Amino acid sequence: MGTGLSPGNFTVPDPEANTGSQLEVFVPFTTERGTLAALHAAFRLSIDLRARIEMIAPEIVPYPLPLNRPPVALSFLENRYRSLLEQCGVAARIQIRLCRQPREAIACALNPESLVVVGASRRWWPTEERLCGWLRSQGHFVTIVRADSAD
């Protein structure tokens, strides 16, 4: 069950997440394997830094639809991302961002100079590298984790 932050932005709270921490490690959803690798890396960082983990899940809503009416039910999306967290055993808060452009959704979710862990697929695709470069150009501290490095 999501709580509306503003039209198109929903947060799934996690009671086990470290809510007393001021520092956050952000993990944008890329691919399932890549995000799992990034969540594992973020978990290791969060222990050392006493930080909480925020997973950002941009969900593209096609232009014919209103932004607050995704083609997939929010309950389905929430269950999908919660299952991903349960699969890797990481406590995190999930931000489902309904958007037209994923970069804008990610940018709105981040604080200035955020620590971001991006998961990349095993094969070389420039998508994740471009996302990392763009995030760095916006002043964020970014690391990329390959899915095969978590195996």
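The values are calculated or read from the model by the stated rules, or taken from the named source; none is laboratory data. Here the structure is a predicted model, which means the values were calculated and not measured. So basically every Cβ, Gly included, is an ideal-geometry build from the backbone, and we count neighbours across all protein chains shown. In case anyone asks, the SASA skips ligands and DNA or RNA and just uses the protein heavy atoms, side chains included. Shrake-Rupley method; radii C 1.70, N 1.55, O 1.52, S 1.80 Å.
I'm checking my understanding of the structure. Among residues of region 122-142 that are at pLDDT 95 or above, open to solvent by less than 60 Å² (accessible area, probe 1.4 Å) and not hydrophobic (A, V, I, L, M, F, W, C), which one is nearest to Ala38 (Cα to Cα)?
Only one residue tops the list, namely His140.
Mind telling me which of the residues Cys99, Cys88 ends up being touching a residue at least 12 places away in the same chain (Cβ under 8 Å), over 12 Å from Pro28 (Cα atoms) and in contact with a Pro (Cβ under 9 Å, 6 or more places away or on another chain)?
Only one candidate passes the filter, namely Cys99.
When you scan region 21-121 for helices (runs of 4 or more DSSP H) that lie fully inside it, which ones turn up with 3 or more residues that are within 25 Å of Asp148 (Cα to Cα) and open to solvent by 60 Å² or more (accessible area, probe 1.4 Å)?
32-49, 74-88
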